[in-house]
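**Student:** I have a structure I would like to understand better, so I am pasting it below and will then ask my questions one at a time.
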Amino acid sequence: MSEPQPVQFDRAEFSSASSTATPCAQCKQPLIQSYYEVNGHLICPQCRDALAQGGSASRGRQFFRALAAGLGAAILGAIVWWGVRTLVHFEIGIISIGIGIAVAKGIKWGTFGRGGRGYQILAVLLTYTAVALNYTPDMMQGLMSGENAIHPSSFLGYVLVFIIGFIVAIAAPFLQGASNIIGILIIGFGLFQAWKLTARTELAVSGPFSVAPPAPARP
């Protein structure tokens with residue numbers, strides 16, 4: 001999730017090769033004649049118009065960027081949480097707060113800092129997906145051991161066990177009842193962070209600024 005290259009505030013510099021020019025943060029095309037700054041991102045006039053008008057192509061691009069970034073953060077967070085539990089044999093629910101923040105930042109990056117109610121719902125769902133994924137290996141192990149164990153004999157069998165384990169893991173934080181009330185509250189706070197940090201931010205547009213070539217090298 002690389003940010004656009006830093007440039008001067010009132011103009012962007014580029015070399016003679018357009019491939020090395022500062023790219024538009026939205027469409028990735030080089031900024032050639034002019035550009036705008038939208039919520040800290042440099043974009044071309046066409047993408048600025050699409051964002052301002054809420055065009056369907058722009059919304060679709062933002063959604064898939066946000067989904068990919070948020071899902072990546074959720075999966076990585078789940079792996080870290082499961083790894084910590086496995087290595088130190090201790091439940092550290094506070095990791096869920098970090099996951100909520102990471103998911104929210106990923107989604108905000110995907111929407112170029114804009115967010116919105118739909119993205120708030122997405123952030124909460126992805127954050128809790130990470131919580132469930134963290135417990136899924138434990139549920140799978142339980143399903144494949146014991147007297148009534150499931151013994152998958154194919155790849156599809158393991159996929160089925162994974163799906164069942166994930167569904168059971170969704171309820172895992174609540175299975176301990178009142179004894180896990182603190183853990184539930186911590187997870188709830190992580191979900192709240194994901195919701196709060198993806199709230200809609202109005203577009204702050206400045207520009208247009210002209211793109212200028214770099215000063216010639218001194219002899």
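Values quoted throughout were computed directly from the atomic coordinates according to the rules given, and no laboratory measurement underlies them. Everything numeric here is computed off the predicted structure, so don't read it as measured data. Please note: Cβ atoms are built from the backbone with ideal geometry, for glycine as well, and neighbour counts cover all protein chains shown.
**Student:** Got the relative contact order for the stretch 62-197 handy, in percent, Cα pairs under 8 Å and 6 or more residues apart?
**Tutor:** Worked out over the stretch 62-197, it gives 34 percent.
**Student:** Within 10 Å, count the other beta carbons around each residue, average over each peptide in 59-70, 175-186, 85-96, 120-131, and list them highest first.
**Tutor:** Highest to lowest by the protection proxy: 120-131, 59-70, 85-96, 175-186.
**Student:** Take the eigenvalues of the Cα gyration tensor for the stretch 62-197, scale each by 5, and report the square roots as semi-axes in whole Å, largest first.
**Tutor:** Gyration-tensor ellipsoid for the stretch 62-197: 28, 18, 12 Å.
**Student:** Return the distance in nm (one decimal) between the two label points of a simple spin-label model at I32 and A204, each offset 7 Å from Cα along Cα→Cβ.
**Tutor:** Distance between the two pseudo-spin positions: 3.1 nm.
**Student:** Order of 104-116, 193-205 by packing, highest average Cβ count within 10 Å first?
**Tutor:** For the peptides 104-116, 193-205, the packing ranking is 104-116, 193-205.
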